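J.: This is the structure I have questions about; it appears just below.
The values are calculated or read from the model by the stated rules, or taken from the named source; none is laboratory data. Computed from a prediction, not measured in an experiment: that's the story for all the values here. Cβ: placed from backbone, ideal geometry, glycine included. Neighbour counts: every protein chain shown. Heads up: the accessible areas ignore ligands, DNA and RNA and are worked out on the full protein's heavy atoms, side chains in. Shrake-Rupley method; radii C 1.70, N 1.55, O 1.52, S 1.80 Å.
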Amino acid sequence: MSESNNKDKLIILGGSPLIGEVEISGAKNSAVAIIPAAILVEGKCVIDNIPNISDVAGMLKILTTLGADVKHINSSTVEIDCSKMSQHSAPYDIVRKMRASSYLMGALLGRFNRSSVAMPGGCDFGVRPVDQHIKGFETLGATVNIEHGMIDIYADELVGTNIYMDVVSVGATINLILAAARAQGTTIIENAAKEPHVVDVANFLTAMGANIVGAGTDVIKVKGVPQLGGGTYSIIPDQIEAGTYMIMAAATAGDVLVKNVIPKHLESITAKLLEAGVTVEEFDDSIRVTSNGKFNKINVKTLPYPGFPTDLQPQILTLLTLAEGTSIVTEGVWDNRFRYVDELIRMGANVMVDGKVAVVEGVKRLSGSPVAATDLRAGAAMLIAALAAHGVTEIHDLTHIDRGYENFEQKLKALGAQITRRNGSRKKKRTG
Ligand code: UD1
């Protein structure tokens, strides 16, 4: 992917409706879990529909550093062979910035019965604990020590058992599937997360020879197998990227066919857009969104799947800044996910935040201004605001958007957006 640095900025002239078709890429949150899941596989895994984004490049680099053989077959297909991997330690300098590096814990533990991984980083929207991951590993018979910023996990043998999760966690559910895939006996994960990418990881492992049933429900049974061989697998389309383009089409009074999607994964977004007065038509693997730019107020509460995804909360809230009347947006997953609202206020939005609730009073229009993409999905919200606003918006801190949206400038340009990237100046190294 094109290299960005934090000084790059986007210049967007708002006000043009997005019109045309957009192809959705493979799911980021699946890819960043399936790539470390390949550690469990002793054989070649060919993974298709991999999105070309910096988080994926980062995860592939981590695997290479750990001793995996990674080959790029084409821009969306990689072959990963971890059969010769022997390293179980992933220190801070290789995993920093990537929240998904926590999947290395389950994958390395499942493969080597031990792992040593630096505490994960990632988007900052409140405390991001890993207590449920740790509780699960311990229930499987592992000993966990946290020292000097590293989580060290060790087991003589992982033994399948019943694990009840106190909170519904995508990361912990996937990590426990990874740790249990090659454990002795059967692990039953209760109160499991049901997100599409949890199912995708389970399907990937099943394609490699694992025995997993129930993914997509709140009880997942993993019967450990001694070894996983190679195979091929194609990642599902990105639910959040698709939802982002759907909301963009609505916010710009556009008409967009969002292609290569699984409409079932988008039901909560479709329902909320319909409620807001947007026209949404579902086809087998595409969704068409048309809007006249007028929206009703609606209330949205984010919840684990199949609820409205927290990763689309900044985007839907941005749309509601232009609705008629007062909408309430409640964040039901993270403690502190409204930091981006200050940027929208800079553009003329009228939003009041109190803890996990935002009161959004619709305004007639947003006006372009300089704003920062404070995290990945906040960056997507800034894109929506900029495309809908009058005048020119400059979006700074693009590295966040580049982490998760493949070719977003090209995709937006093809839909008629007036968008240009200005490369930030890189300081030249001076010697002598
Ligand atoms: C994943 C997504 C992220 C999304 C989130 C919720 C990836 C790479 N990231 O993050 O984009 O916003 O799901 O859909 O897939 N929790 C605990 N203890 C734990 C783990 C989590 O209390 O051990 C809490 C968290 O603080 C949070 C909630 O559970 O309030 C959900 O977190 P979780 O589902 O684990 O999010 P991630 O897997 O980190």
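J.: Hey, could you check segment 292-302 for residues that are open to solvent by 20 Å² or more (accessible area, probe 1.4 Å), in contact with a Ser or Thr (Cβ under 8 Å, 6 or more places away or on another chain) and part of a loop (DSSP other than H, G, I, E, B) and say which is farthest from the ligand (Cβ to nearest atom)?
T.: Taking segment 292-302 first, the residues open to solvent by 20 Å² or more (accessible area, probe 1.4 Å) are 292-294, 296-297, 299, 301.
Applying the additional criterion that residues be in contact with a Ser or Thr (Cβ under 8 Å, 6 or more places away or on another chain) yields 293, 297, 299, 301.
If we keep only those that are part of a loop (DSSP other than H, G, I, E, B) too, we end up with 293, 297, 299.
Values: GLY293: 29, LYS297: 25, ASN299: 19 Å.
Going through the qualifying residues, I end up with GLY293.
J.: Same structure again: Restricting to segment 135-151, what's the tally of residues that are at pLDDT below 95 and open to solvent by less than 60 Å² (accessible area, probe 1.4 Å)?
T.: Residues flagged as at pLDDT below 95 and open to solvent by less than 60 Å² (accessible area, probe 1.4 Å) within segment 135-151 amount to 3.
J.: Okay, next question. Among the residues of segment 338-351, what is the count of those that are within 20 Å of ALA276 (Cβ to Cβ) and open to solvent by 30 Å² or more (accessible area, probe 1.4 Å)?
T.: Selection size over segment 338-351: 2.
J.: Another question, then. Search segment 254-271 for residues being in contact with a Leu (Cβ under 9 Å, 6 or more places away or on another chain) and open to solvent by 10 Å² or more (accessible area, probe 1.4 Å), and hand back the single one that is nearest to VAL289 (Cα to Cα).
T.: Of all residues in segment 254-271, those in contact with a Leu (Cβ under 9 Å, 6 or more places away or on another chain) come to 254-256, 258, 268-269.
Imposing the further condition that a residue be open to solvent by 10 Å² or more (accessible area, probe 1.4 Å) reduces the set to 255, 268.
On the way: ASP255: 6, SER268: 14 Å.
Looking at residues that are in contact with a Leu (Cβ under 9 Å, 6 or more places away or on another chain) and open to solvent by 10 Å² or more (accessible area, probe 1.4 Å), I get ASP255.
J.: Next up: Taking the stated definitions as given, is VAL78 open to solvent by 30 Å² or more (accessible area, probe 1.4 Å), assigned to a strand (DSSP E or B), farther than 30 Å from ALA417 by Cα and more than 15 Å from the ligand (Cβ to nearest atom)?
T.: Answer is no for this residue.
J.: Please go through segment 37-52 and pick out each residue that is closer than 13 Å to THR77 by Cα and crowded, with 22+ Cβ neighbours inside 10 Å.
T.: Those that are closer than 13 Å to THR77 by Cα and crowded, with 22+ Cβ neighbours inside 10 Å: CYS45, ILE47, ILE50, PRO51.
J.: Test ILE212 against the criterion of being at pLDDT 95 or above and within 30 Å of PRO314 (Cα to Cα), and give yes or no.
T.: no
J.: Here's something else I'd like to know. Suppose the filter is away from the ligand (no atom under 13 Å from the Cβ), over 18 Å from GLY404 (Cβ atoms) and open to solvent by 50 Å² or more (accessible area, probe 1.4 Å); does ASP93 pass it? If you could, list the steps in order and put the result at the bottom.
T.: On the way: away from the ligand (no atom under 13 Å from the Cβ): yes; over 18 Å from GLY404 (Cβ atoms): yes; open to solvent by 50 Å² or more (accessible area, probe 1.4 Å): yes.
Spelling it out, ASP93 is indeed away from the ligand (no atom under 13 Å from the Cβ), over 18 Å from GLY404 (Cβ atoms) and open to solvent by 50 Å² or more (accessible area, probe 1.4 Å).
J.: Give the residues of segment 81-92 that are of a type in the set (A, V, I, L, M, F, W, C) and in a strand (DSSP E or B), sorted by residue number.
T.: Applying the first criterion (of a type in the set (A, V, I, L, M, F, W, C)) to segment 81-92 yields 82, 85, 90.
Selection gives ALA90 alone.
J.: Check off (1) within 26 Å of ASN29 (Cα to Cα); (2) among the charged types (D, E, K, R); (3) out of contact with any strand residue (DSSP E or B) (no Cβ under 9 Å at 6 or more places or on another chain) for GLU138 and give me the number that stays unchecked.
T.: Among (1) within 26 Å of ASN29 (Cα to Cα); (2) among the charged types (D, E, K, R); (3) out of contact with any strand residue (DSSP E or B) (no Cβ under 9 Å at 6 or more places or on another chain), the lone unmet condition for GLU138 is (3).
J.: Where residues in segment 313-337 are hydrophobic (A, V, I, L, M, F, W, C) and in a strand (DSSP E or B), which of them is surrounded by the most Cβ atoms within 10 Å (Cβ to Cβ)?
T.: If we take residues in segment 313-337 being hydrophobic (A, V, I, L, M, F, W, C) and in a strand (DSSP E or B), then VAL329 is surrounded by the most Cβ atoms within 10 Å (Cβ to Cβ).
J.: Quick check on segment 172-223: of everything there that is touching a Phe, Trp or Tyr at 6+ places or on another chain (Cβ under 7 Å) and closer than 19 Å to VAL46 by Cβ, which residue is least open to solvent (accessible area, probe 1.4 Å)?
T.: Selected residue: PHE204.
J.: Checking the conditions here, which among ALA358, ALA380, ALA373 is within 16 Å of the ligand (Cβ to nearest atom), out of contact with any Lys or Arg (no Cβ under 9 Å at 6 or more places or on another chain), open to solvent by less than 60 Å² (accessible area, probe 1.4 Å) and at pLDDT 95 or above?
T.: ALA380
J.: Report, by residue number, each residue of segment 186-213 that is in contact with a helix residue (DSSP H, G or I) (Cβ under 9 Å, 6 or more places away or on another chain), in a strand (DSSP E or B) and under 18 Å from GLY171 (Cβ atoms).
T.: Scanning segment 186-213 gives THR187, ILE189, ILE212.
J.: Okay, moving on. Restricting the search to segment 259-308, which residues are in contact with a strand residue (DSSP E or B) (Cβ under 6 Å, 6 or more places away or on another chain) and among the hydroxyl-bearing types (Ser, Thr, Tyr)?
T.: The answer is SER268, THR270, THR279, SER286, THR290, THR302.
J.: Which numbered condition in (1) touching a residue at least 24 places away in the same chain (Cβ under 8 Å); (2) closer than 30 Å to SER286 by Cβ is the only one that ILE39 fails?
T.: Of (1) touching a residue at least 24 places away in the same chain (Cβ under 8 Å); (2) closer than 30 Å to SER286 by Cβ, only one is false for ILE39: (2).
J.: Next up: Taking segment 96-118 as the search range and keeping residues that are more than 12 Å from the ligand (Cβ to nearest atom) and outside any helix (DSSP H, G or I), which one is modelled with the lowest pLDDT?
T.: LYS97
J.: Any chance you could count how many residues in segment 159-185 are closer than 18 Å to PHE204 by Cβ, away from the ligand (no atom under 11 Å from the Cβ) and either out of contact with any helix residue (DSSP H, G or I) (no Cβ under 6 Å at 6 or more places or on another chain) or not small (Gly, Ala, Ser) (or both)?
T.: Final tally of qualifying residues: 5.
J.: Provide a single number: the residues in segment 53-75 that are more than 17 Å from LEU104 (Cβ to Cβ), open to solvent by 10 Å² or more (accessible area, probe 1.4 Å) and out of contact with any strand residue (DSSP E or B) (no Cβ under 8 Å at 6 or more places or on another chain).
T.: 3
J.: Inside segment 349-379, can you point out the residues that are touching a His at 6+ places or on another chain (Cβ under 9 Å), of a type outside the set (Lys, Arg) and closer than 22 Å to ALA249 by Cβ?
T.: Within segment 349-379, LEU366, SER367, GLY368, VAL371, ALA373, LEU376, ALA378, GLY379 meet the criteria.
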